[in-house]
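The values are calculated or read from the model by the stated rules, or taken from the named source; none is laboratory data. Note that the structure is a prediction, hence the values are computed from the model and not measured. Ideal geometry is used to build each Cβ from the backbone, glycine not excepted, and the neighbour counts take in all protein chains shown. Each accessible area value is taken on the protein alone, full model and side chains, heavy atoms only, with ligands, DNA and RNA left out. Shrake-Rupley method; radii C 1.70, N 1.55, O 1.52, S 1.80 Å.
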Amino acid sequence: MISVTINGEQRQFDVPADTPILWVLRDFAKLTGSRFGCGMALCGACTVHLDGQPIRSCVSPISMAAGKHITTIEAIENDSIGRRVQQAWMDEAVAQCGYCQSGQIMSAVALLKQHPNPTDAQIDTAMAGNICRCGTYTRIRSAIHRAAGQRTASAEQTSNRNSDLFTEVKA
Amino acid sequence: MSQNTTIQQPSVMLANVSRRRFMQGLAVSGALVMAARWDLAMADDSPNAAQKYGGDAMPHGWVDNPNVFISLAADGKITLINHRAEMGQGIRTSIVMVLADELGADWQLVSVEQAQANEEKYGNQNTDGSRSMRHWFDPMRRAGAAMRQMLEQAAANHWHVAASDCLATVHQVVHEPTGRSLSFGELAAAAAALEVPARDSLRLKTTDQWRYINQLPKAYPESNQQQPLAVDGWDIVTGKAKYAADVEFDNMLYAVIARPPSYGSAVKSWDDSETLKVDGVVKVIALPTASQPSAFEPLGGVAVLATNTWAAIKGRNALKVEWDKGPAGDNGRYDSSTFSQQMQQTAQLPGKVVRQQGDFVAAQQQANSTFKAEYYAPHMAQAPMEPPAAIVRIQQTDNGIKADVWTSVQNPQLARDGVAKRLGLQPTDVTVNCALLGGGFGRKAKPDYVFEAADLSKAMGGRPVRVQWTREDDLHHSFFHTVALEHFEATFDQQQAVSGWLHRSVSPSIYSLFAPGVKLQSDMEVDQGIRNLPFDIPAIQAESGEAPGHVRIGWFRSVYNIPHAFGIQSFVAELAHKAGRDHKEFLLQLLGPDRQIDPRSQQVVWNYGENPELYPIDTGRFRGVIEKATKEAGWGKKLPKNRGLGLAVHQSFVSYCAVVMDVEVSDAGEVIIHRADIAFDCGPQINPDRVRSQLEGACVMGVGIGLMTQITAKDGAIEQGNFHQYLVPRINQAPKQIHTWAVNASNMSLPLGGVGEPGLPPIAPALCNAIFAATGKRIRNLPVGNQLAS
Ligand code: FES
Ligand code: FES
């Protein structure tokens, strides 16, 4: 029996100690918001927070979480930064298929906790482990700036929300 | 088409003898019945059939009955059905927006329901070919308008007044003379009981009455604040969105399969003694190898079934399988680098002529100078972020045996028919529930993984089985994007104008998946950029050279347009450079005066399934996107050292796209993309923000195609196993800025074009042309990889 706290709730799992946290979450805790993309810490789709730190749950054995706190996408709206990031993702209409976005959001929340005013370079560094095959990166950058409350030149520049399209639509 | 070729070409038979007869032949051979369905999706060109185009030509066509898509409740809530697959293009929002707008619904009261597979009821559901909005905008408008008129009629009946005095506004009907009103909810039951008005009596909204269609969403400062948010947006950011692997049945088993490393190889023997020791492993089952060509049949292999995914993965890791390469034949020795050399040799010899205009040989004889170049584009895997997954359960019920499927597929009806066939059931006994797709890009148009789950559930006596593909499975066993060698020759006349153009394309065909011995590209494939070349050149000759498929070849977002556009648009830039001309001016001159070319005059057969009269090749629209992209990018401006602009344009899926990339190459050979300017003309844009997001996404994927993405094979096996070997762009490699520019976005005199795919083909050539401008180094082999390292 391994005992962990998931999203504030104490849970016990009777699984082999080497079972990755991802599969405990998905197949045993029935929390399917954390996604399986590669299983080798290469894509970030499975990112969760372990005691506040972002980890790739697909390669982290459940034994590593014994006695610790796991936060998943399902509970990130209880966090004030988490909520802001989710809202920014909505405002920027970031998601396409959405499959990577749980992991993107968990990485973005961790970034903003460390750097409340991130530069583009800091964003690139923090988010480079999260693949989006749909290619939503420019909107992810804009959304992170937005969640940080930055209306900097950089945020404006990378924003997809200039009026390029609209002028033409109305023409 | 040339009559005197000596090369045998089975695919020609498909197009010219009778496609319908060919399909009947396929249907007889069981496994290949799938191919017939795919082929039916193309324009039916058999001589006796009335020529059909667009949505009319698709299996089960379209449906515009409002009662199929709209249900009104007495409390005012409205449920709208989306019957197309959602894979990130936003169709669940866009289709419903069209219905809701014509209907006059208040978005706050609308909910969306995803249709199960049922083409008899909903019309065609095969979500590929950038067709959803192009084929469904008109039927959805009619369905919405019909229901609106039924509500108005119901109100008129209630008040005993003329229907012409009753007007639906937002979620209510107003009696104009008196100002009385009834809500949609109050009218729901009475409206539903009325006859659906005839199509010719429908009053569609005028464009100025649209509240959602052709509007920008709330987040844009200029928005009218009415355009709805993505229906799945909040579910996605809270992790509640359901993809195939998020669904579970009681007593379900989790399966992972060891598949043959080479296409066609079989299981010789296996040892599962260690596997069965793994905690949670329940059973190991060997599956038959599909005979080649395998169409959408599963590859076979050995399946490990367990009580959870991790146990199944561990069990497979512990499995020892010996493979028999014999049945794979040449595939068991497939080496992609040797193959590229073979393709290059083939490209030196004449191929099968697929378009001939003027006399290229004479142009060569009279030429002042000639220029040749060859371009190579490798295999790729679609690699959607969500690897394939499917669940099947078979149950004995009071009404006989029924199968339930949960999966994410682009073509649900194909999954339904295929599962029914292999289980000996009727399609009506099979329910296919459609989860969201975590990306598709063509991979999930092939439901082999659904069939695997059906076979395993059957083997387990009907117990629910979820088949989970790992990333390694996805990369090793995809239906790969083709590999291509594009050979070009051009002649310049005495005035330094291009007088002749030869394009010889050597590339395995997707048809090799469906019929034995196919070595030449099909009509559909050469119609993706080769035949429909828009240039005003006196002598144009296009040829297809033989290349067999040694892996499963399948469609990948924008398909053969990728290598064809890369070759054509790189070669044009090289010609411009050789002629000492500005690339943009040279390209515009090649396009010639604004005109509409009948694709049939170019020997085009397919035209993306669209009516050539409605959808000609419009050189003015080419010019329009080129002018827009170059203007916004500041074409011709002075740039610092090691930095350059590159241009490319391409028409595909009846839409036009031009791109200018602003690229810097560091001394170490690293490519930094400062900015992409994308001008796009797909005619009217129904959901402009989702059009924009598709262009942004295609741009990023195209940067990958240009810089890093490739699949290679050695000794018959794919060399890339996961994202450390199969490289796709990450945020730090993506363009710093992507600017999209719409052309003709509100021009309702144009028919709708495709959106999901046409943004992709021009990216890699624009990128490579920019690299040339920055460094003087010409990239002829994709991807760039370390070719720029000094
Ligand atoms: S699934 Fe864990 S990093 Fe990809
Ligand atoms: S939104 Fe589809 S993978 Fe990121």
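Some observations on this one:
- Rounded FRET efficiency, nearest 0.05, which uses the C-beta distance separating B:Q348 from B:D324 and R0 of 30 Å: 0.25
- Length-normalised contact order for region A:79-157 - Cα pairs under 8 Å, 6+ apart - percent: 41
- Charge dipole (region A:2-75, unit charges on Cβ, about Cα centre) - positive-most of A:C46, A:A29, A:A65: A:C46
- Chain B - share of DSSP beta bridges that are antiparallel (%, nearest 5): 75
- B:L167 versus B:Q495: modelled label distance in nm, points set 7 Å from Cα along the beta carbon direction: 5.9
- Residues listed by number, region B:602-633, amide nitrogen under 14 Å from B:D56 label point at 7 Å toward C-beta: B:609-615
- Relative packing of A:96-104, B:147-155, which averages over residues the other C-beta atoms within 10 Å, highest first: A:96-104, B:147-155
- Solvent-accessible area per residue, Å², over the protein assembly as shown with all protein chains present [probe radius 1.4 Å]: 34
- For the pair A and B, total buried accessible area rounded to nearest 100 Å², probe 1.4 Å: 6100
- Other residues within the sphere of radius under 9 Å centred on the Cβ of B:G636, judged by their own Cβ, net out at +2 (K and R +1, D and E -1).
- About its Cα centre, chain B has a charge dipole of approximately 900 debye under the convention of +1 per Lys or Arg Cβ and -1 per Asp or Glu Cβ, with nothing else charged.
- Model label zone, B:N747; criterion: amide N under 13 Å from point 7 Å along Cα-to-beta-carbon; scope region B:596-620: B:596, B:616-620
- For A:23-33, mean number of other protein chain Cβ atoms within 10 Å: 5
- Ordering A:130-143, A:47-60 by mean Cβ neighbour count within 10 Å, with the highest value first, yields A:130-143, A:47-60.
- For peptides A:84-95, B:64-75, B:392-403, sequence by mean Cβ density within 10 Å, most packed first: A:84-95, B:64-75, B:392-403
- Among beta bridges that DSSP assigns inside region B:66-237, antiparallel share in %, nearest 5: 60
- Per-atom-type breakdown for region A:79-157 gives carbon and sulfur 52% of the accessible area (1.4 Å probe, protein chains only).
- Between B:V361 and B:Q226, the simple spin-label model (points 7 angstrom out along Cα→Cβ) gives 6.5 nm.
- The length gained by stretching the chain between A:D51 and A:T5 to full extension, at 0.36 nm per residue less their Cα-Cα distance, is 15.6 nm.
- Normalising the average separation of contacting C-alpha pairs (under 8 angstrom, six or more residues apart) by the number of residues puts the relative contact order of chain B at 13 percent.
- The slack between B:T178 and B:D715, meaning 0.36 nm per residue of separation minus the straight C-alpha distance, is 185.2 nm.
- Given +1 at the Cβ of Lys and Arg, -1 at the Cβ of Asp and Glu and no other charges, the dipole of chain A around its Cα centre is 140 debye to the nearest 20.
- Net length gained if the chain between B:Q341 and B:Q209 were fully extended (0.36 nm per residue, minus Cα distance): 41.6 nm
- Based on DSSP H segments of at least four residues, each scored -39500 (n - 2.57), chain B has a per-residue ellipticity at 222 nm of -8500 deg cm²/dmol.
- B:S223, B:S291, ranked by accessible area, largest first (probe 1.4 Å): B:S291, B:S223
- Magnitude of the charge dipole for the protein assembly as shown, about its Cα centre and with charges confined to Cβ atoms of Lys, Arg (+1) and Asp, Glu (-1), is about 940 debye.
- If R0 is 25 Å, the Cβ-Cβ spacing of A:N117 and B:A668 corresponds to a FRET efficiency of close to 0.25.
- Computing FRET efficiency as 1/(1 + (r/R0)^6) for A:K68 and B:K268, where r is the C-beta to C-beta distance and R0 is 51 Å, gives about 0.65.
- Applying a length cut-off of 20 Å (Cα extent along the axis) and a mean Kyte-Doolittle floor of 0.0 to the DSSP H helices of chain B leaves B:561-578, B:688-707.
- Computed from phi, the 3J(HN,Hα) profile of region B:164-171 under the Karplus parametrisation 6.51, -1.76, 1.60 (θ = phi - 60°) reads 5, 8, 9, 10, 6, 10, 9, 6 Hz, with x in place of Gly and Pro.
- Each Cα pair under 8 Å and six or more residues apart adds its separation to the average, and for region B:66-237 the resulting relative contact order is 25 percent.
- DSSP beta bridge pairing in the protein assembly as shown, given as percent antiparallel to the nearest 5: 75
- Counting Cβ atoms of other protein chains within 10 Å of each Cβ in A:87-94 and taking the mean gives 5.
- Average partner coverage of A:137-150, which counts Cβ from other chains inside 10 Å: 3
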